[in-house]
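The values are calculated or read from the model by the stated rules, or taken from the named source; none is laboratory data. Note that the structure is a prediction, hence the values are computed from the model and not measured. Reconstructed Cβ throughout: ideal geometry from the backbone, glycine too, with neighbour counts over all protein chains shown.
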Amino acid sequence: MWMDDPARWPLLAAALEKAGEFGLDTETFGQPDKTSPQHRARIHCWSIGLLTEGRHPRGYHIGVGRVLPRAALDCPAIRAVLRNPHIIKWAHNSPHDHHSLLNEGIEVANMQDSLQYARVAAPGMRAYGLKDMEQWALGYPARPSFKDMVSYDKEAVVVRASTERGCVCGDKPCRARATTDFLDDLGNWRPHTRVTWRRFHPEPKLVPGKYDVADFAPGHPRWAEWVQYSLMDAVRGIELVDWIRNRKPSTLPYQWRPL
């Protein structure tokens, strides 16, 4: 699944050119939540999906794919495929991927949005996200979301504070009157003074943590799951396109009739 050998990138480009279309997805970082990817998002890795001759029981062709590092975008053969207007690149919510590629200085042509395609081809459904459509359209079980992939529990030290009260003489409880004195350890007479202080108790605790996308690399504890996640985004995306193309058009009843 992970294709980091530069010698294989031109072979992949030739396969993409021969196919004439493929699914594409980018995994990005550097984009804060609820902000546009334009001029912000940078590509960590990206994936492609190709349809095969095999068919799923639901009728669409089954896809296969590869996950590639950002460096593969510098391969001249790959760049030629991306800027070729005769080769269709399918991406679910393509504006994000298009901006990400442009931010990396990559020219891309004829990128189509399978999200908008699905909304028009299958109107009236509740959810059109890729992971939602994988279930109600493609028949796959639920899989981890992006948030699931980057989230984990880490051990941290939390501090619990408590308030304590007592006397400077050290007795607990001190029943002496405040007007009386006591002899301290240094031999000085001091009045019984009531004081209040805070005591802090450090305790280990599991708290939510979050991986940065740039942290994922071979050897990372979640590397295999990350590659699988990235791969499925492109493969399921191109399978979804084929499902839409082979779907029988539905006729929606028109409720408004002329009087």
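The single condition from (1) within 22 Å of the chain's Cα centre (by Cα); (2) under 30 Å from Arg58 (Cβ atoms) that Asp153 fails is (2).
When you scan the stretch 205-212, do you find a residue that is farther than 30 Å from Gly59 by Cβ, touching a helix residue (DSSP H, G or I) at 6+ places or on another chain (Cβ under 7 Å), in a strand (DSSP E or B) and not hydroxyl-bearing (Ser, Thr, Tyr), even just one? Spell out the reasoning first.
Applying the first criterion (farther than 30 Å from Gly59 by Cβ) to the stretch 205-212 yields 205-212.
Within this subset, residues satisfying the condition of being touching a helix residue (DSSP H, G or I) at 6+ places or on another chain (Cβ under 7 Å) are 210-211.
From what is left, the residues that are in a strand (DSSP E or B) are 210.
Restricting the remaining residues to those that are not hydroxyl-bearing (Ser, Thr, Tyr) gives 210.
Within the stretch 205-212, one or more residues are farther than 30 Å from Gly59 by Cβ, touching a helix residue (DSSP H, G or I) at 6+ places or on another chain (Cβ under 7 Å), in a strand (DSSP E or B) and not hydroxyl-bearing (Ser, Thr, Tyr).
Collect the residues in the stretch 87-107 that are outside any helix (DSSP H, G or I) and closer than 14 Å to Ile48 by Cα, keeping them in residue-number order. Passing the criteria: Ile87, Ile88, Lys89, Trp90, Ala91, His92.
Annotation note: Cβ proximity below 6 Å between a residue of the stretch 1-23 that is part of a helix (DSSP H, G or I) and a residue that is surrounded by 18 or more Cβ atoms within 10 Å (Cβ to Cβ) and among the β-branched types (Val, Ile, Thr) (sequence gap 6+ or interchain) occurs for Trp9/Ile78; Ala13/Ile78; Ala13/Val81; Leu16/Val81; Glu17/Val81. Whenever a residue of the stretch 45-69 is part of a loop (DSSP other than H, G, I, E, B), its partners that are modelled with pLDDT under 95, lying with C-beta atoms within less than 7 angstrom and at least six residues away or across chains, give the pairs Gly59/Asn246; Tyr60/Asn246. Working only within the stretch 98-118, note down all residues that are of a type in the set (Gly, Ala, Ser) and in contact (Cβ under 8 Å) with a residue 40 or more places away in the chain. Residues satisfying the conditions are Ser100, Ser114, Ala118.
Taking each residue of the stretch 224-237 that is farther than 13 Å from Asp148 by Cβ and in contact (Cβ under 8 Å) with a residue 40 or more places away in the chain and looking for partners that are outside any helix (DSSP H, G or I) and of a type in the set (Val, Ile, Thr) with beta-carbon atoms closer than 6 Å, six or more apart or interchain, yields Val227/Val67; Ser230/Val67; Leu231/Val67; Ala234/Ile48. Take Val150 and decide whether it is closer than 30 Å to Tyr211 by Cα, without any contact (Cβ under 8 Å) to a residue 60 or more places away in the chain and surrounded by 10 or more Cβ atoms within 10 Å (Cβ to Cβ). Here the answer is no, as Val150 does not meet what is asked. Does the stretch 17-67 hold any residues that are closer than 30 Å to Asp215 by Cβ and hydroxyl-bearing (Ser, Thr, Tyr), and which are they? Hits for the stretch 17-67 are Thr26, Thr28, Thr35, Ser36, Ser47.
Of everything listed in (1) part of a loop (DSSP other than H, G, I, E, B); (2) surrounded by 10 or more Cβ atoms within 10 Å (Cβ to Cβ), the single unmet condition for Gln116 is (1).
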